[in-house]
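J.: Questions regarding the structure given below will be posed in turn.
The values are calculated or read from the model by the stated rules, or taken from the named source; none is laboratory data. Quick caveat, the model's predicted, so the values are computed rather than measured. Positions of Cβ are backbone-derived with ideal geometry, glycine not excepted, and every protein chain shown enters the neighbour counts. These accessible areas exclude ligands, DNA and RNA; they are computed on the full protein's heavy atoms, side chains included. Shrake-Rupley method; radii C 1.70, N 1.55, O 1.52, S 1.80 Å.
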Amino acid sequence: MLETRSSHACHGGVQQFYQHESRTIGLPMRFAAYLPPQAAHGKVPALFYLAGLTCTEETFPIKAGAQRFAAQHGIALIAPDTSPRGAGVPGESDAWDFGVGAGFYVDAKREPWAKHYRMYSYVRDELRETVCANLPIDAARLGIFGHSMGGHGALVLALRNPDLYRSVSAFAPIAAPMRCPWGEKALGGYLGAQRDAWREYDASELVGRAPAKFAAGILVDQGLADQFLDQQLNPDVFEAACAAAGQPLTLRRHAGYDHGYYFISTFVEDHLAHHAKVLLA
């Protein structure tokens, strides 16, 4: 059962914030849902947005300015929290890039994280099923996108599940987590030392063996003034992997833009249009 935490009129539709008891996580989880005005008259496509490190379900709805464009296209926006809250794992709040606010969209295998830190299955299965069952969402027309850690999550979820997600894009994703400090810390901490298991959560490793191509292409935007570009993000690695796999990719590099939501708000209109071409076709 969904508990409505708040509801706000927005661009002719409604921005809502929900909480529910998650069977996958074993704790209450929160998510945001923007329903465009078209949802008052029938089911609409939905676009899942996965946020980055330290963010919550409120970050994207408040900062990105995406509702205006979602209303124009008639697409719902779903934004989950970035990790379990209240799991009580020792040390889970000690670092900003691991634990609370940093679930990395994986299903943890290593104790003591494995019981609650199951964000991959939560997003792919429970969240998707919950919104499609309780909101006017067309389950056959879903896309996914995200930022940074969430861009990593969006690429991984899409590449592993092209039967569920028809379109995908990302802002400054952690595109090759096996090759960067954030990824090594998260994948090692949640999954253990066996790097073979990490490949299931690395978009640059997955794209060559994805079960299907995204024929309309993957859109990635990257700011060239991004303070994390050199050490953490590896867009060039993903670009090369897509080329080798024959996966169409539009990787746009933008001078002067950093890693934050000023960057995202500048290009979010293009991402909504990218997904609309597929979800409304």
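J.: Condition check: among the acidic types (Asp, Glu) and surrounded by fewer than 18 Cβ atoms within 10 Å (Cβ to Cβ). Does Glu184 satisfy that?
T.: Values: among the acidic types (Asp, Glu): yes; surrounded by fewer than 18 Cβ atoms within 10 Å (Cβ to Cβ): yes.
For Glu184, the condition - among the acidic types (Asp, Glu) and surrounded by fewer than 18 Cβ atoms within 10 Å (Cβ to Cβ) - is met.
J.: Could you tell me whether any residue of segment 125-139 is of a type outside the set (Lys, Arg), under 27 Å from Val207 (Cβ atoms), open to solvent by less than 40 Å² (accessible area, probe 1.4 Å) and touching a Phe, Trp or Tyr at 6+ places or on another chain (Cβ under 6 Å)?
T.: no
J.: Given the structure, is Asp258 in contact with a His (Cβ under 6 Å, 6 or more places away or on another chain) and not in a helix (DSSP H, G or I)? Before the answer, list the steps.
T.: Details: in contact with a His (Cβ under 6 Å, 6 or more places away or on another chain): no; not in a helix (DSSP H, G or I): yes.
For Asp258, the condition - in contact with a His (Cβ under 6 Å, 6 or more places away or on another chain) and not in a helix (DSSP H, G or I) - is not met.
J.: With the requirement that a residue be among the basic types (Lys, Arg) and not in a helix (DSSP H, G or I), what does segment 161-212 give you?
T.: Once the filter is applied, which keeps residues that are among the basic types (Lys, Arg) and not in a helix (DSSP H, G or I), segment 161-212 yields only Arg166.
J.: Restricting to segment 193-225, what's the tally of residues that are farther than 23 Å from Asn161 by Cβ and open to solvent by less than 10 Å² (accessible area, probe 1.4 Å)?
T.: Qualifying residue count for the region: 2.
J.: How many residues are surrounded by 14 or more Cβ atoms within 10 Å (Cβ to Cβ), more than 22 Å from Arg160 (Cα to Cα) and in contact (Cβ under 8 Å) with a residue 24 or more places away in the chain when one looks only at segment 96-120?
T.: 5
J.: May I pose another question? Looking at segment 225-242, I want the residues that are farther than 18 Å from Gly52 by Cα and have a partner that is part of a helix (DSSP H, G or I) and among the aliphatic types (A, V, I, L, M) with Cβ atoms under 7 Å, at least 6 apart or on another chain. Which pairs are those?
T.: If the second residue must be part of a helix (DSSP H, G or I) and among the aliphatic types (A, V, I, L, M), the pairs left are Phe238/Ala203; Ala241/Val207; Cys242/Val207.
J.: Considering only residues that are touching a Ser or Thr at 6+ places or on another chain (Cβ under 9 Å) and over 19 Å from Leu53 (Cβ atoms), look in segment 251-275 and name the one that is surrounded by the most Cβ atoms within 10 Å (Cβ to Cβ). Quick ask: steps written out before the conclusion?
T.: Filtering segment 251-275 down to residues touching a Ser or Thr at 6+ places or on another chain (Cβ under 9 Å) leaves 254, 257, 259, 261, 270-271, 274-275.
Now drop any that are not over 19 Å from Leu53 (Cβ atoms), which leaves 254, 270-271, 274-275.
Numbers: His254: 16, Asp270: 15, His271: 24, His274: 21, His275: 29.
Among those that are touching a Ser or Thr at 6+ places or on another chain (Cβ under 9 Å) and over 19 Å from Leu53 (Cβ atoms), it is His275.
J.: Any idea which residue in segment 227-242 is farthest from Met149 (Cα to Cα), counting only those that are out of contact with any helix residue (DSSP H, G or I) (no Cβ under 7 Å at 6 or more places or on another chain) and open to solvent by less than 80 Å² (accessible area, probe 1.4 Å)? If you could, list the steps in order and put the result at the bottom.
T.: Residues of segment 227-242 that are out of contact with any helix residue (DSSP H, G or I) (no Cβ under 7 Å at 6 or more places or on another chain), as a first pass: 227-230, 233, 235-236, 239-240.
Then keep just the ones that are open to solvent by less than 80 Å² (accessible area, probe 1.4 Å); that gives 228-229, 233, 235, 239-240.
Values: Phe228: 12, Leu229: 13, Leu233: 9, Pro235: 13, Glu239: 18, Ala240: 20 Å.
Ranking the qualifying residues of segment 227-242, first place goes to Ala240.
J.: Against the definition (farther than 22 Å from Tyr18 by Cα, modelled with pLDDT of 95 or more and touching a strand residue (DSSP E or B) at 6+ places or on another chain (Cβ under 6 Å)), how does Gly151 come out, yes or no?
T.: Values: farther than 22 Å from Tyr18 by Cα: yes; modelled with pLDDT of 95 or more: yes; touching a strand residue (DSSP E or B) at 6+ places or on another chain (Cβ under 6 Å): yes.
So Gly151 passes the test.
J.: Listed residues Ser83, Ser93; which is hydroxyl-bearing (Ser, Thr, Tyr), part of a loop (DSSP other than H, G, I, E, B) and more than 14 Å from the chain's Cα centre (by Cα)? Lay out the reasoning, then the answer.
T.: Details: Ser83 fails: more than 14 Å from the chain's Cα centre (by Cα).
The conditions single out Ser93.
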